Each structure stands twice: as structure tokens, then as C-alpha cells.
Amino acid sequence: MKFTGSIGVSDTVTLTLPDSSAVSARKGETLYEVVGKIGASLQKAALAARLDGEPVDLSLKAERDAAFEVITFDSPGGRDLFWHSASHLMAQAVKRRYPDAKFAIGPAIEGGFYYDIDMKAALSPEDLQGIEAEMEKIVGEDLEVRREEMGREEAIALFDGAGEIYKVEMLEEMPGDSVSIYRQGEFFDLCRGPHVMRTSMLGAFKLLSIAGAYWRGDEKRKMLQRIYGIAFPDRKRLEAHLAIIEEARKRDHRKLGRELDLFSFSNEVGAGLPLWHPHGAVLRYIIERFSTEEHLKRGYRLFSVPHIAKADLYRTSGHLDFYSDNMYSPIRIDEQDYYLKPMNCPSQIQIFTSSIRSYRDLPYRGFEMGTVYRYERSGVLHGLTRVRGFTQDDAHIFCSEDQIEDEIRNVLDFTLYMLDVFGFSERNIYLSTRPEKSVGSDAGWDLATSALKNTLDSGGIGYTVDPGEGVFYGPKIDIKIKDALGREWQCSTIQVDFNLPERFDINFIGRDGAKHRPIMIHRALLGSLERFIGILIEHYGGKFPVWLAPVQVMLINVSEQEAAAAGGVRQRLLDAGLRTEIDGRDESMGYRVRDAIGRRVPYIAVIGKKEIEEGTVSLRKRGENSSKPVSVDDLIGMILADQEAKR
RNA sequence: GCCCACGUAGCUCAGUCGGUAGAGCAUUUGCAUGGUAAGCAAAAGGUCACCAGUUCAAUUCUGGUCGUGGGCUCCA
């Protein structure tokens with residue numbers, strides 16, 4: 001069988017396959033043929049073409065009958081192939097330096113690759129350099145990467161002989177009789193492939209961090225050492241990638257939170273308990289106010305409930321049985337146990353049941369900025385995005401069964417509207433189904449799950465199913481958005497619940513005069529203010545749109561002679577509802593302008609002699625490096641208009 | 001909670017192979033009265049996270065606690 005085609009630097013590569021389909025790659029791209037599915041001579045030819053840039057005749061005999069693919073770094077699956085090859089390279093280097101190392105799994109992931117390793121020596125960050133040096137050496141050795149197929153038993157014997165207990169465990173659980181391994185030099189690994197053809201193709205790499213990871217992700221099993229890394233075909237792309245990571249770090253909300261004086265944590269107050277400083281608190285207030293108003297516009301009623309409640313409430317709700325791991329120890333008051341509330345629902349339900357409800361009251365939508373306290377293990381706390389006390393924009397909708405889908409649709413629209421307003425257009429939607437630890441009948445769960453699913457389907461909204469990720473009382477739709485470093489965070493959640501109405505014996509009087517059981521929809525759109533603001537800070541890199549900016553206008557009086565005038569302008573702006581500060585410090589103007597720019601203030605207004613005479617300010621907008629005179633009235637009008645434009 | 005790393009001035013970080021510490025920025029004061037990304041000078045500021053242990057002596061070594069970072073597990 002023959003492949004025909006040619007590879008050349010001045011050409012597009014086209015390879016005609018036996019079934020007469022053709023594949024092609026643009027010139028200058030590196031080719032990674034699928035090792036094992038292509039003959040060795042063809043591999044060599046392709047490699048030679050890459051190395052020498054000379055046209056090569058590919059009218060070569062295949063050693064094996066098979067279709068093959070041309071994969072470049074940027075083609076689908078190319079990165080995975082490349083990164084997985086890099087993880088083999090890393091494993092080989094580790095093995096050379098630490099002969100007792102045993103390997104678990106080493107896949108490509110979204111931003112690179114890792115390998116989980118079991119070995120005696122505890123790696124520290126400095127050790128990574130040594131491993132990198134060894135990797136460079138192996139790249140220089142230009143080892144051929146060869147695929148071998150063998151029987152499963154044979155493979156077990158091979159890995160068992162090498163002491164690779166994790167590979168043996170994986171092999172024993174694998175279906176099928178035959179497996180593939182990849183060899184490069186003295187190193188071999190169990191692997192499905194594909195890989196690059198030679199180690200020299202792994203142009204540029206960097207080991208990023210080491211971390212602990214449980215074998216099989218099970219916290220009861222052994223903790224292995226995981227090394228994370230990234231690789232690219234050339235140095236330039238690696239540098240560019242590292243620069244992006246560095247750029248993202250600058251937007252980290254924990255860093256910006258300090259720089260912009262938005263929030264802090266105090267050792268005295270406790271881990272995971274954020275303290276909102278004036279600029280952060282006002283940002284939070286703006287979001288709360290906006291959210292509350294939007295809820296009122298949509299027919300929600302306001303709720304407000306206390307931060308603690310008696311144990312019985314959480315016994316009835318099931319929280320003590322299903323959620324106690326996340327609840328704090330009780331507080332003893334007059335011989336009774338009280339708990340800090342981990343969720344708002346049980347308390348809010350008491351408002352619904354405080355009087356007899358009619359079908360005319362449904363859907364009954366109750367909204368609250370509800371603060372909850374949840375125990376989070378110390379190691380999971382993370383800035384504002386994972387805390388122990390947080391405020392949810394929480395609402396519970398009590399409705400009849402035939403209202404569910406409409407209500408879900410409303411909530412979904414509302415959610416997407418809110419995310420849009422805050423500029424989050426990139427989001428991933430998940431449908432989470434019944435978890436192991438849960439209450440209620442299968443029928444209820446099915447009904448609730450299909451209600452969510454139908455709404456998504458009929459809205460043509462793409463989503464991923466997250467099996468077993470629902471809450472103990474019901475399934476949910478989760479919407480996740482990303483932080484600066486690409487980590488996904490769950491914010492919005494919409495949950496359908498047949499169980500709490502049952503447990504609390506919630507009723508409404510139907511048209512027929514009989515009692516009926518409502519269904520509850522739990523939902524939080526922004527999720528928690530803390531997490532949401534954390535991501536918001538990163539999303540905007542601290543450059544909040546005008547309507548959110550903690551300080552909208554910074555007034556700078558040129559000298560002390562203009563201090564009174566600046567005070568007068570400030571009052572006019574404050575009267576118009578604009579958040580305005582004066583920097584009247586005894587510093588040079590350049591210094592104060594620079595400072596205001598550093599604070600990402602959207603409008604910097606300078607007042608000097610000239611401006612006082614003309615009744616103007618000298619306005620410099622964020623992102624511009626020139627200023628122009630504007631009357632105070634025009635300034636107010638301009639800011640109000642920008643504020644109205646939201647995004 | 002687990003693995004690894006870390007904790008020095010408000011911030012960013014030096015430093016002490018065991019003899020109680022330094023810079024820049026920020027702060028305060030004085031001078032300069034400034035026109036759009038750092039004016040000049042001086043001062044003040046630290047139980048070297050906390051608690052034990054070893055030692056003549058601990059910020060430095062050991063252990064524990066608290067906290068932080070990267071992950072794992074878990075989650076808004």
C-alpha cells in the first residue's frame with residue numbers, strides 16, 4: 001500500500017491516504033505523526049522534512065496497513081499529544097534522577113500536563129530545575145519514541161518487574177487483552193498514545209509547580225507528588241505563554257484587593273472571613289442594591305432572616321443529617337442548641353408557612369441577601385472565592401407543578417441578564433443530577449431533573465451533565481465563570497426541590513379548596529457576593545465600569561488655593577449621587593494623577609485657577625493621557641450617561 | 001483535612017552558616033506652591049507570626065499552633 005504526497009517548506013503538505021481521502025498541513029507547521037499507525041520510514045521522512053526544510057517524496061511503502069493522521073501542535077488534539085509526550089519526557093528525567101520513583105498517571109490537561117509520582121524524596125521547588133536539566137539532556141539525545149503492542153499479561157509482568165505498582169493496578173482493571181506501551185531510550189510507559197516521534201521534537205518546556213494529589217483522587221489513599229508543567233514547540237511560544245500567566249497573576253483579586261484597598265483578612269478575625277474596606281464595601285453595596293432592585297422589578301418579595309436558628313429547624317430540613325460536615329458547632333442558648341445558618345432556605349420557608357397561602361399567591365418569590373456560614377476545610381480557602389462566611393443573592397420560589405418550567409425559564413433569563421450586565425459572556429452551564437447522599441423519592445428527582453433539562457433544551461442552551469453533583473434535596477443547573485487564571489468557579493445555581501416542601505409540610509390552598517404541596521426553586525444568580533466580586537475584580541483587572549467604580553471621580557486641586565473650590569465641586573457631584581473624592585494632599589500634581597490612575601479611577605478632574613474662573617474642571621478619562629476642560633454640569637451629565645450604559 | 005512551600009516594617013523584598021536587623025515604596029514632619037504617570041530632605045516605624053524545646057545566647061536549629069500560597073479532596 002502506498003501513501004503519496006510531498007512535504008516541503010515551500011509547500012502545503014498533502015498526503016493521500018489509501019482510501020483516497022487526503023490530509024494536509026500548512027508549511028512551517030511541525031508534524032507529529034501518530035506513531036504506530038504509520039510506518040517508520042514515513043516517520044523518518046516527515047521528521048527529516050521538519051529538520052531540513054527540504055521537500056521529501058512521501059511515496060513510501062507503509063509498513064502497516066492503516067490510515068494515519070497528521071497532527072500539528074495547533075490541530076485538534078495536537079496540544080494534548082504534545083503535552084502528554086512532555087509528561088513522558090518528564091517522567092523519564094525523574095526516573096533517572098530518582099530511581100525509586102513509581103509513576104501513577106500523567107495526562108495532558110487544559111493548561112499543560114502533570115505526572116503523579118510516588119517516591120521517597122519529597123520534592124521541593126528547587127528540585128524542578130534539576131529535572132528540567134535532565135529533560136533537556138534527553139531532548140538532546142534525540143531518542144526515538146516507539147510504540148509497542150503487547151498482551152495484557154505480558155505488560156503486567158513487565159511493569160511488575162519494574163516495581164510499577166500503580167501501572168500494574170491500572171492494567172489489572174483494564175478491559176481487553178492487548179495494550180500499548182511507549183519506549184524512549186531506557187524509559188517505557190503504559191500509554192494509549194499518540195506521541196511525538198522523537199524527544200527532540202519537544203522544543204521548550206517549563207515545570208511549573210509541585211503539589212500533592214491522592215492516588216485515584218481518593219483522600220483515603222496514598223498522597224502522591226504531582227509535578228505540573230507546560231511545553232511548546234519553541235522557546236518563543238513558551239515565553240509568550242509564561243507572560244500570559246504572569247499577566248493573569250497581576251489581576252489576581254487578592255493582589256488587587258490589597259492594592260485597591262477593597263478588602264482584607266485578619267488573623268485576629270479568622271481565616272476565610274473577609275473584611276470589607278470602604279471601597280470594597282461600597283462596591284458590594286452597589287451590587288446588592290442593583291440586585292435587590294432587579295428582583296423587586298421581577299415581582300420578588302424581600303425576606304430577611306436571622307443568622308442563627310434552632311437545631312430542630314435543621315433536623316426537619318435534613319441539614320443536620322446531610323450537611324453537618326459543613327455546619328459549625330452549635331451555640332447553647334437556654335438549654336437549646338442553635339446553629340449558624342449554613343443555608344437560608346429553612347428559615348425562609350418559615351415566612352411562607354407563617355400564614356395560609358392560596359394558589360393565587362403562587363408563584364411566591366422571596367428574595368434575600370442572605371449571609372450563611374459554612375465550614376470549609378482550611379486548605380480550600382482561597383481569597384474571596386472560597387470563604388467561610390458569605391452572602392448569597394438567594395431566593396426561594398414556591399410554585400405549583402405546572403409553573404415550574406416557566407419559573408425556571410424566568411430564573412435562567414434573569415441569571416443570564418445579570419451575568420451579561422456584569423460582563424461575563426463566557427460561561428459554562430452544567431446540569432447536576434442526584435448525588436449519593438440525598439433525600440426524596442426517585443419520582444420526585446426525575447420530575448425535578450427533567451424540568452431543568454426541558455427548560456435548557458427548549459431554550460436551546462448548551463450544557464454538560466454533571467452526574468451526582470446535585471444538592472441533597474434536589475438537582476440543579478449551575479453556571480460557572482472563569483477567574484483570571486482560567487479556574488472555573490460556580491456562581492449561579494438553580495435548584496428544583498420537591499423534598500423540603502414535604503419535610504416542612506408546606507401547603508397552599510388550591511382552586512379546589514384542598515391543600516396542595518408547592519414545589520420550591522432555590523436559586524442564587526451571582527452565587528455569593530464574595531466569590532462574585534472576587535471574580536469581578538479579576539474580570540475587569542480592577543478597572544471597574546463607571547457604575548461599579550468605588551470612586552468614580554477623583555478631584556485634584558492644583559494648589560491649596562483651590563481647596564475650597566474643589567470642595568464645592570465635590571459637593572455638587574455628591575449631590576448628583578456620584579462617588580467623589582478629593583486628593584488634596586501636599587504632593588505634586590503628577591504624583592496625585594499617577595496615584596489616581598493606579599487606583600483605576602475612571603474620571604480624574606483637575607481644578608486650578610483657570611478652571612475656577614471658567615467654572616470647569618480639567619477632565620482626564622481613564623485610559624486617555626490627555627485632558628480637556630468640561631463644565632461641572634457636563635461632567636455630571638457625562639458620568640450619569642456612562643453609568644446608565646452599564647457595561 | 002492531606003502533600004509541598006512559605007510567614008522579616010503598612011506593601012514588595014534583602015539579610016543573619018545562632019550573638020535581637022536593612023532597602024525601596026507608603027506614613028509623618030519640614031522645605032518647595034506645583035498644570036496631568038513619582039519635587040527635595042529628614043524622621044518615625046519591627047517581641048523577625050505565636051508557643052514550647054535545644055543552647056551561655058534563637059528571628060535563625062527542632063517540635064507544635066495560627067496564617068498564607070500551589071494543588072488534592074470538597075464546594076457558592
Being aromatic (Phe, Trp, Tyr) and either under 30 Å from A:Tyr417 (Cα atoms) or touching a helix residue (DSSP H, G or I) at 6+ places or on another chain (Cβ under 7 Å) (or both) is the filter here; which residues of the range A:280-328 pass it? A:Tyr285, A:Phe290, A:Tyr300, A:Phe303, A:Tyr314
For the range A:242-253, indicate whether the set of residues that are surrounded by 13 or more Cβ atoms within 10 Å (Cβ to Cβ), touching a strand residue (DSSP E or B) at 6+ places or on another chain (Cβ under 8 Å) and free of Cβ contacts under 8 Å to residues at least 40 places away in the same chain is non-empty. yes
Could you please let me know if A:Val606 is in contact (Cβ under 8 Å) with a residue 12 or more places away in the chain, within 27 Å of A:Ser264 (Cβ to Cβ) and either within 10 Å of RNA strand B (Cβ to nearest atom) or not in a helix (DSSP H, G or I) (or both)? no
Consider A:Gly541 carefully, then state whether it is within 12 Å of RNA strand B (Cβ to nearest atom), within 28 Å of the chain's Cα centre (by Cα) and at pLDDT below 95. no
A:Asp361, sole failed condition from (1) under 23 Å from A:Leu273 (Cβ atoms); (2) in contact with a strand residue (DSSP E or B) (Cβ under 9 Å, 6 or more places away or on another chain); (3) of a type in the set (Asp, Glu): (1)
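Among the listed residues A:Ser618, A:Ser559, A:Ser627, A:Ser588, identify the single one that is among the polar types (S, T, N, Q) and modelled with pLDDT of 95 or more.
Details: A:Ser559 fails: modelled with pLDDT of 95 or more; A:Ser627 fails: modelled with pLDDT of 95 or more; A:Ser588 fails: modelled with pLDDT of 95 or more.
Within the list A:Ser618, A:Ser559, A:Ser627, A:Ser588, the selection yields A:Ser618.
State whether the residues of the range A:585-601 include one that is in a strand (DSSP E or B), surrounded by fewer than 22 Cβ atoms within 10 Å (Cβ to Cβ) and among the β-branched types (Val, Ile, Thr).
Initial filter on the range A:585-601 (in a strand (DSSP E or B)): none.
No: the range A:585-601 contains no residue that is in a strand (DSSP E or B), surrounded by fewer than 22 Cβ atoms within 10 Å (Cβ to Cβ) and among the β-branched types (Val, Ile, Thr).
Among A:Arg599, A:Arg620, which is the only one that is in contact (Cβ under 8 Å) with a residue 12 or more places away in the chain and more than 10 Å from RNA strand B (Cβ to nearest atom)? Please lay out each step first, then the result.
Details: A:Arg620 fails: more than 10 Å from RNA strand B (Cβ to nearest atom).
Of A:Arg599, A:Arg620, the one residue that is in contact (Cβ under 8 Å) with a residue 12 or more places away in the chain and more than 10 Å from RNA strand B (Cβ to nearest atom) is A:Arg599.
Can you tell me how many residues within the range A:152-164 are over 22 Å from A:Leu89 (Cβ atoms) and in contact with a strand residue (DSSP E or B) (Cβ under 6 Å, 6 or more places away or on another chain)? Please lay out each step first, then the result.
Within the range A:152-164, the first condition is being over 22 Å from A:Leu89 (Cβ atoms), and the residues that meet it are A:152-154, A:156-157, A:160-161.
Applying the additional criterion that residues be in contact with a strand residue (DSSP E or B) (Cβ under 6 Å, 6 or more places away or on another chain) yields A:152.
Matching residues across the range A:152-164 total 1.
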Looking only at the range A:482-495, filter to residues that are out of contact with any His (no Cβ under 8 Å at 6 or more places or on another chain) and not aromatic (Phe, Trp, Tyr); which one of those is nearest to RNA strand B (Cβ to nearest atom)? A:Gln490
Which one is farthest from the chain's Cα centre (by Cα) among residues in the range A:170-204 that are in a helix (DSSP H, G or I) and loosely packed, with under 15 Cβ neighbours inside 10 Å? A:Glu172
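Does A:His295 qualify as being away from RNA strand B (no atom under 13 Å from the Cβ) and in contact (Cβ under 8 Å) with a residue 24 or more places away in the chain?
Numbers: away from RNA strand B (no atom under 13 Å from the Cβ): yes; in contact (Cβ under 8 Å) with a residue 24 or more places away in the chain: yes.
Considered against the rule, which asks whether it is away from RNA strand B (no atom under 13 Å from the Cβ) and in contact (Cβ under 8 Å) with a residue 24 or more places away in the chain, A:His295 comes out as yes.
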Taking the range A:553-580 as the region of interest, how many residues are within 16 Å of RNA strand B (Cβ to nearest atom) and part of a loop (DSSP other than H, G, I, E, B)? 2
Give the residues of the range A:609-636 that are over 24 Å from A:Trp547 (Cβ atoms) and assigned to a helix (DSSP H, G or I), sorted by residue number. A:Lys609, A:Lys610, A:Glu611, A:Ile612, A:Glu613, A:Glu614
Any hit, the range A:343-357, residues being in a helix (DSSP H, G or I), within 16 Å of RNA strand B (Cβ to nearest atom) and more than 30 Å from A:Ile509 (Cα to Cα): no
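The values are calculated or read from the model by the stated rules, or taken from the named source; none is laboratory data. These numbers were taken from a predicted model, which means no experiment stands behind them. Ideal geometry is used to build each Cβ from the backbone, glycine not excepted, and the neighbour counts take in all protein chains shown.
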